[in-house]
1. Under 18 Å from a point placed 7 Å out from the Cα of A91 along the Cα-to-Cβ direction: which residues of region 57-72 have their backbone N that close?
2. Helix 3-20 against the longest principal axis of the chain: what's the angle in degrees, Cα atoms only, rounded to the nearest 10?
3. Label region 1-82 by shape, choosing from rounded, prolate and oblate, from the square roots a ≥ b ≥ c of the eigenvalues of the Cα gyration tensor; if a/c is under 1.5 it is rounded, and otherwise prolate applies when a/b is larger than b/c, oblate when it is not.
4. Taking amide H atoms as placed 1.01 Å from N in the peptide plane, list the residues 5 or more away in sequence, or in a different chain, whose amide H sits under 5 Å from that of N94.
5. Could you give the length gained by full extension between A98 and Q61, i.e. 0.36 nm per residue of separation minus their alpha carbon distance, to one decimal place?
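Any read-out appearing in this document is the output of simple, stated calculations on the displayed coordinates, not a laboratory observation. Not measured: the values here are computed from a predicted model. Neighbour counts run over all protein chains shown; Cβ positions are idealised from the backbone, glycine included.
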Amino acid sequence: MHELAICESVLRQVLVLAERHKASRVGRICLTIGPLAGVEPHLLLNAFPLIAAGTLCEAAQIEIEAASVQVECDACGALSITNANRLVCGACGNWRVALIGGDEMLLRSVELIGAQPQQYGSDAYV
């Protein structure tokens, strides 16, 4: 179950952000996972509470958005959204395509509770 190791990696990244912004806890973690990423989202959701216990992320909600599989055709240049088990051009049916998206796992956003604003110029950002 490599989802446990993935959870540890996500937790480390989120805790670095929380420490950097002096957050008291983490409210929400949003991930984007493509179907070709090799990650089972439901296993990730089940493993995260085990890894996050006793940390600032202990009560955090995990939201996972599914990314679509996108390909670019070598023949006609069309960009297509396709199924993970049917990597062909949606415009001409060519099987010679380049994978553009669908194999990623991204930490899209983190909601930090009690974070201190960071100063960049005259504007404050969290």
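1. Residues 69-72 qualify, since their backbone N sits under 18 Å from the label point.
2. Helix 3-20 sits at roughly 50 degrees to that axis.
3. On the way: a/c = 3.19, a/b = 2.16, b/c = 1.48.
Prolate shape, in that a/c is at least 1.5 and a/b is the bigger ratio.
4. Sorted by chain and number, the residues that satisfy this are C89.
5. Values: separation 37, 0.36 × 37 = 13.32 nm, distance 3.45 nm.
Taking 0.36 nm per residue and subtracting the Cα distance, the gain is 9.9 nm.
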